[in-house]
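Visitor: Structure in structure tokens, see below.
The values are calculated or read from the model by the stated rules, or taken from the named source; none is laboratory data. The structure displayed is predicted, hence computed values, not measured ones. Because the Cβ atoms are built from the backbone with ideal geometry, glycine has one as well, and the counts that use them run over all protein chains shown.
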Amino acid sequence: MDHQMIGANDFKARCSRAKEIMYEKDVDALCLTPSSDMLYLTGFRTEPSERILLCILPRSDEPRFIVPKLYQEQVERETWINDVRVWSEESKLIIQLRNHLKELELFSGKIAISDRLWTRHYRFLQETAPKVRFTFASEVVNQIRMLKSRKEIYLMEEAARFAEGALEATLSDCIQGKKECELAAKLEYQMRVRGSEGVPFETIVASGPNSSVPHYSNGRRRVKVGDPLVLDLGAKFGHYCSDLTRTAIIGYAKPKINKIYELVHQAYQKAVETVRPGVTAAAVDQAARGVIIEGGHGEQFIHRTGHGIGLDVHESPYVHEKEQTGLEIGMTFSIEPGIYLPGQFGVRIEDVVVVTKNGCRTLTKYPTEMAVFGIRA
């Protein structure tokens, strides 16, 4: 399995590609802080904290980490980058960073920084280098990250397999009387024991009227006979995410639920059939939305048809009506149409697809047809 993991040569190739784009866009350097962009280019991952941690990637020089002492060993061990400097406790951080920027000839010009940078860290960078023009790192990195390599797709397939196995192991427990939070806990446990590194988002188990809220989490409500049950879960492997949603029915499905489910299922199938190289992301959204509008529920499809996925569970490309990005082989994104009737119920079906030469394939294989499960404990 190790040969399928991302290695030093992969990170170096990504940085080379980033430098090419920096030349095209007249960006002098990337200044990365803890984020998926830092992970993508360096192999190092940590959460942002009050201690500022930077990796500077100049377009005409080698990358340099500047880290608090407590991260030094970890960065040296986990990343391919050799130039690792430590913030000194003896002098002001601003003076130290100014010296680094002067040494790298970056004290003026254009630097791309993380789109999700903490405001306090942004203010620190502004104060350190008042002549620098800052832009978004996404302008450089997004177009590289959108196209997944075979290794990346392998990691995403493994993450999808963990989620799929957890779903299968948990559905038999979806019976009257079970609490949503119990089912969410089982899903997460089952993903973990299969090898998941954690969850990329809070697991959704939404029963009955809660299922009409697309980003509901889970709570203490007990499942009842006749409930639709939306289960939206994801696993992680090699830092890459999966995202899977199925709507199960407890005991029996009322005619109205049957009708809505069938409409969502048709929209899902239509969207999947539309995906192929050269088609726009907007066309995929329109394919799914058109089916639901024709079925009379356009106003109850209240979100986009999908989102890119990789190191982040939401990344480019976004599958909505104004996204004119042309699909390319290796792009990965979700297809997840849904219909939500406020206060009554909701239905959503979701898989992640990868664009292939002739269309796409789903990373999960679990059936999308309506599944009906047990009545009582």
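Visitor: Somewhere in region 57-69, is a residue in a loop (DSSP other than H, G, I, E, B) and under 20 Å from Glu127 (Cα atoms)?
Guide: Of all residues in region 57-69, those in a loop (DSSP other than H, G, I, E, B) come to 59-63, 68.
Next cut, under 20 Å from Glu127 (Cα atoms) only: 68.
Yes, region 57-69 contains a residue that is in a loop (DSSP other than H, G, I, E, B) and under 20 Å from Glu127 (Cα atoms).
Visitor: Condition first: surrounded by fewer than 15 Cβ atoms within 10 Å (Cβ to Cβ) and farther than 22 Å from Asp37 by Cβ. Now tell me which residues in region 322-343 satisfy that.
Guide: Taking region 322-343 first, the residues surrounded by fewer than 15 Cβ atoms within 10 Å (Cβ to Cβ) are 322, 324, 326, 328-329, 342-343.
Answer for region 322-343, where residues must be surrounded by fewer than 15 Cβ atoms within 10 Å (Cβ to Cβ) and farther than 22 Å from Asp37 by Cβ: Lys322, Gln324, Gly326, Ile329, Pro342, Gly343.
Visitor: Mind counting the residues in region 100-134 that are touching a strand residue (DSSP E or B) at 6+ places or on another chain (Cβ under 8 Å) and hydroxyl-bearing (Ser, Thr, Tyr)?
Guide: The total comes to 3.
Visitor: With (1) modelled with pLDDT under 95; (2) closer than 22 Å to Tyr240 by Cβ as the list, and Arg98 as the residue in question, which single condition is left unmet?
Guide: Just one mismatch for Arg98, condition (2).
Visitor: Look through region 345-367, keep the residues that are touching a helix residue (DSSP H, G or I) at 6+ places or on another chain (Cβ under 6 Å) and not aromatic (Phe, Trp, Tyr), and return whichever of them is farthest from Pro317 (Cα to Cα).
Guide: Taking region 345-367 first, the residues touching a helix residue (DSSP H, G or I) at 6+ places or on another chain (Cβ under 6 Å) are 345-347, 349, 354, 363-364, 366.
Right, trim to not aromatic (Phe, Trp, Tyr) and you get 346-347, 349, 354, 363-364.
Numbers: Gly346: 25, Val347: 24, Ile349: 19, Val354: 12, Leu363: 17, Thr364: 20 Å.
Filtering first and then ranking leaves Gly346.
Visitor: Related question: Cys174 passes all but one of (1) at pLDDT 95 or above; (2) in contact with a strand residue (DSSP E or B) (Cβ under 6 Å, 6 or more places away or on another chain); (3) buried (at least 21 other Cβ atoms within 10 Å of the Cβ); (4) of a type in the set (A, V, I, L, M, F, W, C); which number fails?
Guide: All conditions are met except number (1).
Visitor: So Ser108 passes all but one of these: (1) surrounded by 13 or more Cβ atoms within 10 Å (Cβ to Cβ); (2) of a type outside the set (Val, Ile, Thr); (3) without any contact (Cβ under 8 Å) to a residue 12 or more places away in the chain. Which condition number does it fail?
Guide: Ser108 satisfies all of (1) surrounded by 13 or more Cβ atoms within 10 Å (Cβ to Cβ); (2) of a type outside the set (Val, Ile, Thr); (3) without any contact (Cβ under 8 Å) to a residue 12 or more places away in the chain except (3).
Visitor: With respect to the numbered conditions (1) farther than 23 Å from Lys102 by Cα; (2) at pLDDT 95 or above; (3) basic (Lys, Arg); (4) in contact with a Leu (Cβ under 9 Å, 6 or more places away or on another chain), which one is the sole condition not fulfilled by Lys19?
Guide: For Lys19, the failing item is (1).
Visitor: Give me a count of the residues in region 270-303 that are in contact (Cβ under 8 Å) with a residue 60 or more places away in the chain and surrounded by fewer than 21 Cβ atoms within 10 Å (Cβ to Cβ). Even if it seems obvious, please write down each step before you answer.
Guide: Just the residues of region 270-303 that are in contact (Cβ under 8 Å) with a residue 60 or more places away in the chain, to begin with: 271-273, 275-277, 302-303.
With surrounded by fewer than 21 Cβ atoms within 10 Å (Cβ to Cβ) added as a condition, the list becomes 272-273, 276-277, 302-303.
The qualifying residues number 6.
Visitor: Okay, moving on. Restricting to region 217-238, and then to whatever is under 18 Å from the mean Cα position of the chain (by Cα) and surrounded by fewer than 20 Cβ atoms within 10 Å (Cβ to Cβ), can you tell me which residue is farthest from Val372 (Cα to Cα)? Walk me through how you get there before you give the answer.
Guide: The initial filter retains those residues of region 217-238 that are under 18 Å from the mean Cα position of the chain (by Cα), namely 217, 231-238.
Restricting the remaining residues to those that are surrounded by fewer than 20 Cβ atoms within 10 Å (Cβ to Cβ) gives 217, 238.
Values: Ser217: 22, Gly238: 34 Å.
The residue in question is Gly238.
Visitor: Name the single residue, out of those in region 12-56 being of a type in the set (Gly, Ala, Ser) and not in a helix (DSSP H, G or I), that is nearest to Leu93 (Cα to Cα). Walk me through it before giving the result.
Guide: Going through region 12-56, the residues of a type in the set (Gly, Ala, Ser) turn out to be 13, 16, 18, 29, 35-36, 43, 49.
Okay, now just the ones that are also not in a helix (DSSP H, G or I), so 29, 35, 43, 49.
Values: Ala29: 20, Ser35: 21, Gly43: 25, Ser49: 15 Å.
Per the criteria, the residue is Ser49.
Visitor: For region 122-149, what are the residues that are without any contact (Cβ under 8 Å) to a residue 24 or more places away in the chain and of a type in the set (Lys, Arg)?
Guide: Within region 122-149, just Arg123 meets the criteria.
Visitor: Follow-up question, since we're still on this one. Which of the residues that make up region 165-187 are in contact (Cβ under 8 Å) with a residue 24 or more places away in the chain and of a type in the set (D, E, K, R)? Steps first, answer last, please.
Guide: Initially, region 165-187 is screened for residues in contact (Cβ under 8 Å) with a residue 24 or more places away in the chain, giving 165-168, 170-172, 174-181, 183-184, 187.
Scanning region 165-187 gives Glu168, Lys178, Lys179, Glu180.
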